[in-house]
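Each remark here refers to the structure printed beneath this line.
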Amino acid sequence: MKTSIFPTPQDAEAAFYEAFENADLDAMMAVWAEDEEVVCVHPSGPRLSGIAQIRESWRQLFANGPSLRFHISGQQYLRGMLLSVHSVYENIAVTGESTPRSPVIATNIYVLTEKGWRMLLHHACAAPVSTKTSSDPAPTVLH
């Protein structure tokens, strides 16, 4: 597994979506905190807890190789000294599909560890059909 250090939560988030686009399991797992309390919820999926369940879910998702491209919009950040909560819209393009998909709303939580920022939680669900993200303002930082 890669031993990347992410100096900011935004760096960890960028690495998360890059690993997702590249279907790179090692890079994906390098983003996650080494903690059995980590949680992942894929759209319409069950809550997965712990590194083993999360790794297996990503292995299954990546089995067919890279097929997704992400454009992240509507970012809102709530950042403290040791924790950063991100709410984003995932605008996803699928290789071979000409019709854009409805956006996905994701909450990503990062924790500061001795190895830099790491993901504690990724929770994604389908956005309501009427959600507009194309004219979203610049990222908002809340504190």
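Things to note:
- Count of the stretch 1-34 residues which are part of a loop (DSSP other than H, G, I, E, B) and in contact with a strand residue (DSSP E or B) (Cβ under 7 Å, 6 or more places away or on another chain): 4
- Cβ separations smaller than 8 Å between residues 6+ apart or across chains give the following pairs from the stretch 112-126 residues that are under 18 Å from Ala27 (Cα atoms) and among the basic types (Lys, Arg) to residues that are in a loop (DSSP other than H, G, I, E, B) and modelled with pLDDT of 95 or more: Arg118/Ala33.
- Residue check, Ala23 crowded, with 19+ Cβ neighbours inside 10 Å and either at pLDDT 95 or above or not β-branched (Val, Ile, Thr) (or both): no
- Qualifying positions in the stretch 102-112 - in contact with an Asp or Glu (Cβ under 9 Å, 6 or more places away or on another chain), modelled with pLDDT of 95 or more and over 17 Å from Gly45 (Cβ atoms): Tyr110, Val111
- Inside the stretch 38-72, residues that are in a strand (DSSP E or B) and crowded, with 16+ Cβ neighbours inside 10 Å make up a count of 7.
- The one condition in (1) modelled with pLDDT of 95 or more; (2) at positive phi that His42 fails to fulfil: (2)
The values are calculated or read from the model by the stated rules, or taken from the named source; none is laboratory data. If you're wondering where the values come from, they're calculated on a predicted model, not measured in any experiment. In this analysis, Cβ positions are derived from the backbone assuming ideal geometry, glycine residues included, and neighbour counts consider all displayed protein chains.
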